[in-house]
Structures are given as structure tokens and as C-alpha cells.
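Beneath this line is the structure, given in C-alpha cells, with notes to follow.
Rule-based calculations on the coordinates, nothing more; no lab input. These figures come from a predicted structure and were not determined experimentally. Glycine also receives a Cβ, built like all others from the backbone with ideal geometry; neighbour counts cover every protein chain displayed.
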Amino acid sequence: MSNSDIEKARELLISAKYLVILAGAGLSQESGIPTFRGADGLWRQFRAEELATPYAFQRNPELVWEWYCWRRGIIARAEPNPAHYAIVELEKRYEQFMLITQNVDGLHRKAGSKKFIEIHGCIWESRCVDCHNVSEDRETDYKKIQPCKKCGGRLRPNVVWFGEAIPDMNLRKSIYSVQNCDLMLVVGTSGYVQPAASFPFHAKQNNAKVIDINVEPTPISEIADVFLQGRAGDILPALIKD
Ligand code: OAD
Ligand code: ZN
């Protein structure tokens, strides 16, 4: 990455009218939250099919809750990093803006973001498998997970698992912003999980510009107008500096 790449990205940000940011686990890596893929990724250590599918939960809800409560414990100690705060600042600069995040950690809210779509849900919420009621749930001990307060049904984490669809309203809102933006800023995603992975490609087809920030090249960086290789917590603040 050269200074001229940073300059080019800064110019794209200045001329954009409608900014969409697509965020992935790399954004929270500097807050101490493990990513899914790569050398220290969770999917190296754990099997997704045993922990993050509806079938896994049906077969062994306790194991799934144990894993989610372990992750809650890590996330509970984490604070937003400079990249989260830079995104809050960017939101203030655009009348038309949307943050589409694949992260379930709630750090955007904690940093002060207002306009965001958590397309993979939120780890701090539970949903009843029977009555579908969603409630805030900050429990980090899997042995203390209670039944639904409304109907006594079983609670599950309110996140999207492999093989599940993105909730309709979140998907529609995401697609709307992807189709209408003139600049998409992609940060810390490997570009493997659909549908989010296709958003930068759709944006490009609609003549939007794409900036990608990642510590390593991905399929998204190949089609990006500017690829900024490095850590989100270093690069995002540099992009918004006056
Ligand atoms: P991944 O773990 O697949 O990818 C994280 C990306 O962040 C990688 O491309 C890293 O190179 C990059 N990265 C790591 N540290 C970084 C840093 N400090 N700055 C910038 N980039 C960095 O995470 P996602 O793409 O978000 O889904 O994964 C998508 C989905 O797959 C997740 O939401 C989750 C997972 O299975 C569900 O749980 C449904
Ligand atoms: Zn219920």
C-alpha cells in the first residue's frame, strides 16, 4: 500500500454521496475477538457444523450454548477499537449511509454507530424457538440459560447459522443500500460467506466504487478500485484524518 492509494481512497470518500460500509470479523480482531478464518481463526479450532447450524442445536443445544457463552465472555471484555470509532465518524459525514456488519459482537453500538444492519444477528440476544420472541440476554454461563419468559420454550442465540436465511427485512435493507450506494468500503472480511460476499460485486455492477481494507488479499480486493493492505485500526483512522 502506498501513500497514493490512501490519497485515492480519501478522494473517493470525499466525492461519494452514499456510502455503504461492509464489515467483517477483521474489524474486531484488534479488539481481541478472534476471526473465523486465517491462522488463529475459530474455524481452525472448532467445527462449524457442530456449533453453528440449526441441526447442531437440535442435536446438542447445551454444547452450542457453551460455545456461544464462551464467545460472549471474550466479547464482554472487549472494547471498540479505532476502526469502530472511525466508522462512527464516517456515518456523521454522509446523509446517505449504511453500515452492513457481519459481526455479532455489538461493538458498533458500543462505539456509537446508529445506522447499521447486523445481518448475522447479535450475540447479546436470544430468540425463542417456539414463539420467536427476541430478548436481550447477557448471560455468559451456559448452565444458567433460562427457558423463554413468554412461553417456556427453548431459547437459542439470535444469530444466523450456516444453512439459515438472513431475516427478510435485514436482507432487503442491505440490498437496497448496496444497489443505491456510489461507494462501498469493505473492511476485514474474507469474502467467503454469502450473501455478504457478493455485495461488493453487486455494488460494482451498479457502477459504485469499491475500497477494500484487509491484512491480506481476498476475492474482494481483486475487484476493488483501491485495495489498502493493512490493519483496519491503522488505516481507517488515516482515511478520515483532516
Ligand atoms: P473471516 O474470519 O472469514 O475473515 C476475517 C478477515 O479479516 C480475513 O480476510 C482477514 O485477513 C482479515 N483481518 C484480520 N485481522 C484484520 C485486521 N486487523 N484488519 C483488517 N483485516 C483483518 O470473517 P468474516 O469475513 O467476517 O458467520 O466471516 C464471515 C462470516 O463467517 C461470519 O460472520 C461468521 C463466519 O462463519 C456466521 O457466524 C454466520
Ligand atoms: Zn417463547
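Can you find even one residue in segment 33-50 that is within 16 Å of ligand 2 (Cβ to nearest atom) and under 14 Å from Trp161 (Cβ atoms)? First the steps, then the outcome.
Initially, segment 33-50 is screened for residues within 16 Å of ligand 2 (Cβ to nearest atom), giving none.
Looking for residues that are within 16 Å of ligand 2 (Cβ to nearest atom) and under 14 Å from Trp161 (Cβ atoms), one finds none in segment 33-50, hence no.
May I ask you to list the residues in segment 86-137 that are within 30 Å of Gly152 (Cα to Cα) and free of Cβ contacts under 8 Å to residues at least 24 places away in the same chain?
Result: Arg109, Cys131, His132, Asn133, Ser135, Glu136, Asp137.
Name the residues in segment 155-173 that are more than 28 Å from Gln96 (Cβ to Cβ) and of a type in the set (Gly, Ala, Ser), would you?
Across segment 155-173, the qualifying residue is only Gly163.
Collect the residues in segment 78-101 that are in a strand (DSSP E or B) and out of contact with any Leu (no Cβ under 7 Å at 6 or more places or on another chain), keeping them in residue-number order.
First pass over segment 78-101, keeping only residues in a strand (DSSP E or B): 96-101.
Gln96, Met98, Leu99, Thr101, listed by residue number.
I need the full set of residues from segment 41-64 which are assigned to a helix (DSSP H, G or I), over 21 Å from Gln146 (Cα atoms) and either among the basic types (Lys, Arg) or in contact with a Cys (Cβ under 8 Å, 6 or more places away or on another chain) (or both), in order please.
First, the residues of segment 41-64 that are assigned to a helix (DSSP H, G or I): 42-45, 48-51, 54-59, 61-64.
Those left that are additionally over 21 Å from Gln146 (Cα atoms): 42-45, 48-50.
The one that is assigned to a helix (DSSP H, G or I), over 21 Å from Gln146 (Cα atoms) and either among the basic types (Lys, Arg) or in contact with a Cys (Cβ under 8 Å, 6 or more places away or on another chain) (or both): Arg44.
Could you tell me which residue of segment 116-166 is farthest from the chain's Cα centre (by Cα), considering only residues that are within 16 Å of ligand 1 (Cβ to nearest atom) and aliphatic (A, V, I, L, M)?
Ala165
Pairs only if they're at least six apart or on different chains, beta carbon under 9 angstrom, first in segment 23-37 and under 13 Å from Gly191 (Cβ atoms), second within 16 Å of ligand 2 (Cβ to nearest atom) and assigned to a strand (DSSP E or B); list them, first residue then second.
none
Which one of the conditions (1) in a helix (DSSP H, G or I); (2) in contact with a Phe, Trp or Tyr (Cβ under 6 Å, 6 or more places away or on another chain) does Phe36 fail to meet, given that it meets all the rest?
Of the numbered conditions (1) in a helix (DSSP H, G or I); (2) in contact with a Phe, Trp or Tyr (Cβ under 6 Å, 6 or more places away or on another chain), the odd one out for Phe36 is (1).
From the set of residues in segment 146-158 that are more than 9 Å from ligand 2 (Cβ to nearest atom) and in contact with a Lys or Arg (Cβ under 9 Å, 6 or more places away or on another chain), which is farthest from Asp105 (Cα to Cα)? Steps first, answer last, please.
Within segment 146-158, the subset more than 9 Å from ligand 2 (Cβ to nearest atom) is 146, 156-158.
Next, from what is left, pick out any that are in contact with a Lys or Arg (Cβ under 9 Å, 6 or more places away or on another chain): 156-158.
Working: Arg156: 16, Pro157: 12, Asn158: 12 Å.
Step by step, filter segment 146-158, then rank; the result is Arg156.
Restricting attention to segment 85-115, and to residues there that are touching a Lys or Arg at 6+ places or on another chain (Cβ under 7 Å) and aliphatic (A, V, I, L, M), which single residue is nearest to ligand 1 (Cβ to nearest atom)?
Going residue by residue through segment 85-115, those that are touching a Lys or Arg at 6+ places or on another chain (Cβ under 7 Å) are 91, 96-99.
Next, only the ones that are aliphatic (A, V, I, L, M) stay: 98-99.
Values: Met98: 17, Leu99: 13 Å.
Taking the candidates together, the pick is Leu99.
For Ile33, indicate whether it is touching a strand residue (DSSP E or B) at 6+ places or on another chain (Cβ under 8 Å) and of a type in the set (Val, Ile, Thr).
Working: touching a strand residue (DSSP E or B) at 6+ places or on another chain (Cβ under 8 Å): no; of a type in the set (Val, Ile, Thr): yes.
Spelling it out, it is not the case that Ile33 is touching a strand residue (DSSP E or B) at 6+ places or on another chain (Cβ under 8 Å) and of a type in the set (Val, Ile, Thr).
Give me a count of the residues in segment 134-159 that are among the hydrophobic types (A, V, I, L, M, F, W, C), within 15 Å of Arg71 (Cα to Cα) and not in a strand (DSSP E or B). Full working, then the answer.
Step one: of segment 134-159, the residues among the hydrophobic types (A, V, I, L, M, F, W, C) are 134, 145, 148, 151, 155, 159.
From what's left, within 15 Å of Arg71 (Cα to Cα): 145, 159.
With the extra rule that they be not in a strand (DSSP E or B), the set shrinks to 145.
Residues that pass the stated criteria total 1.
Hydrophobic (A, V, I, L, M, F, W, C), crowded, with 22+ Cβ neighbours inside 10 Å, out of contact with any Ser or Thr (no Cβ under 6 Å at 6 or more places or on another chain) and farther than 20 Å from Ile213 by Cα, is that true of Ala52?
Yes.
Restricting to segment 64-107, and then to whatever is β-branched (Val, Ile, Thr) and under 15 Å from the mean Cα position of the chain (by Cα), can you tell me which residue is surrounded by the fewest Cβ atoms within 10 Å (Cβ to Cβ)? Outline the logic, then answer.
Step one: of segment 64-107, the residues β-branched (Val, Ile, Thr) are 64, 74-75, 87-88, 100-101, 104.
If we keep only those that are under 15 Å from the mean Cα position of the chain (by Cα) too, we end up with 75, 87-88, 100-101, 104.
Numbers: Ile75: 21, Ile87: 26, Val88: 15, Ile100: 23, Thr101: 30, Val104: 25.
For segment 64-107, the residue satisfying everything is Val88.
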